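This report refers to the structure that appears directly beneath it.
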Amino acid sequence: MSSADSFAAAFEGIRQGYETGRIAHAYLIVGSPRGDALAFAESFLQLLFCRGQKAPCGSCAECARVKDRTHPDILWIEPESKSRKIRIEQMREQLAPRILQTSYGGGWKAGVLLHADRLTDEAANAFLKLLEEPPGSSLLLLVTDAVHRLLPTIVSRCQRIALSGGRDDSEAVWYAPLLGILREGGARDPLQATAQAGRVKALIDAIKDQVEQEEKERAAAEAEARADGAREDKETFEARVKSRVNEARTDILRCILLWRRDVLVTVLGAEASVLHYDDETDAIRRQATGLSYGDALAQVNSVEDMIRRFERNLPDDTVLLAGFRGAGAAPRSWVDSSPVC
């Protein structure tokens with residue numbers, strides 16, 4: 001079943017449950033928190049709050065407020081701190097009061113946890129209490145693509161909606177330029193390695209500019225919707241931006257890692273059917289030709305090294321330059337003799 005078919009089938013099930021009064025109090029939506037799973041959560045909420053003739057109409061004021069996250073009966077929660085975690089304070093001070101109080105519109109009230117897998121242990125336990133004793137006409141949506149990181153007790157108390165598409169990187173603005181870099185294969189010399197690292201860094205910088213603009217527009221819309229017109233503080237804004245940029249950077253590294261693993265398994269004689277990039281078979285086979293197992297493995301290891309270095313909050317350019325120079329197809333001598341930064 002395609003991603004679109006999976007989405008449509010799952011949503012039809014939700015629609016039937018809504019029309020027959022059989023909506024559960026909690027759903028675990030498995031997919032991309034910035035892609036299909038987010039879109040599903042928005043459609044779900046529009047179904048509940050829509051005031052059009054055929055819900056969700058997508059054009060009424062309520063549907064618009066769901067889309068721009070200004071609906072007073074919906075609380076959106078995502079990692080905000082520098083640790084990129086959902087903290088217990090967000091559960092106790094934001095979600096619990098909103099879910100337990102009477103809705104502004106006299107109907108549903110909802111809480112959405114984006115990247116629900118990033119709940120701290122304390123936050124997860126606090127959230128579990130809400131799941132165990134949910135108030136009437138309340139809905140909790142957990143959105144994640146890493147279910148294995150959630151407490152089993154949380155997973156067991158939610159209706160699960162698995163969207164077969166998972167992450168759809170092909171729609172990201174950085175995907176096509178990154179694919180162009182991947183098709184080049186390992187750098188043949190320090191100059192090409194530096195150029196490849198610089199192009200990836202440019203992709204990340206462009207993402208940051210886009211995210212900052214989107215977050216400014218979101219913050220302005222939320223401030224306008226508040227009675228006091230107050231804006232979120234600078235630290236919260238910067239944490240939101242950093243979290244989203246780091247997420248996109250992680251996606252980019254994951255794509256690089258999957259490509260280099262495809263090259264590795266091709267060196268080992270794997271069929272095209274097992275490749276992640278099965279539509280890039282020619283480029284992958286070309287890169288695998290004449291490449292030893294050790295060199296192919298070194299290319300995979302270089303990405304894993306980059307991931308570990310980013311987790312230590314090292315500068316982007318330093319990590320990328322070291323990673324691309326460490327994955328060159330040329331002899332190791334130029335790698336070892338070249339400065340990292």
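The values are calculated or read from the model by the stated rules, or taken from the named source; none is laboratory data. The model shown is predicted, which means the values in this text are computed figures rather than measured ones. Using ideal geometry, Cβ is built from the backbone for each residue, glycine included, and neighbour counts are taken over all protein chains shown. Each accessible area value is taken on the protein alone, full model and side chains, heavy atoms only, with ligands, DNA and RNA left out. Shrake-Rupley method; radii C 1.70, N 1.55, O 1.52, S 1.80 Å.
Within region 87-137, the residues that satisfy the criterion of being within 16 Å of Arg157 (Cα to Cα) and among the charged types (D, E, K, R) are Asp117, Lys129, Glu132, Glu133. Going by what's in this entry, would Asp278 be described as free of Cβ contacts under 8 Å to residues at least 12 places away in the same chain and under 26 Å from the mean Cα position of the chain (by Cα)? Against the criterion (free of Cβ contacts under 8 Å to residues at least 12 places away in the same chain and under 26 Å from the mean Cα position of the chain (by Cα)), Asp278 qualifies.
Consider only pairs whose beta carbons are under 8 Å apart and that are at least six residues apart or on different chains; among these, list those whose first residue lies in region 244-256 and is within 13 Å of Lys201 (Cα to Cα) and whose second residue is open to solvent by 20 Å² or more (accessible area, probe 1.4 Å) and not in a helix (DSSP H, G or I). Hits for this filter: Asn246/Arg84; Ala248/Ala172. Would a scan of region 69-85 turn up a residue that is open to solvent by less than 30 Å² (accessible area, probe 1.4 Å), more than 22 Å from the chain's Cα centre (by Cα), within 17 Å of Glu222 (Cβ to Cβ) and not β-branched (Val, Ile, Thr)? So far as region 69-85 goes, yes, one or more of its residues are open to solvent by less than 30 Å² (accessible area, probe 1.4 Å), more than 22 Å from the chain's Cα centre (by Cα), within 17 Å of Glu222 (Cβ to Cβ) and not β-branched (Val, Ile, Thr). Checked against the criterion of being outside any strand (DSSP E or B), surrounded by 19 or more Cβ atoms within 10 Å (Cβ to Cβ) and in contact (Cβ under 8 Å) with a residue 12 or more places away in the chain, the candidates Phe40, Phe11 yield just one match: Phe40.
With the condition kept exactly as written, say whether any residue in region 260-269 is part of a helix (DSSP H, G or I) and small (Gly, Ala, Ser). Among the residues of region 260-269, not one is part of a helix (DSSP H, G or I) and small (Gly, Ala, Ser), which makes the answer no.
In region 103-217, counting only strands (runs of 3 or more DSSP E) that sit wholly within it, the ones holding 2 or more residues that are touching a strand residue (DSSP E or B) at 6+ places or on another chain (Cβ under 9 Å), modelled with pLDDT of 85 or more and open to solvent by less than 60 Å² (accessible area, probe 1.4 Å) span 109-114, 138-144.
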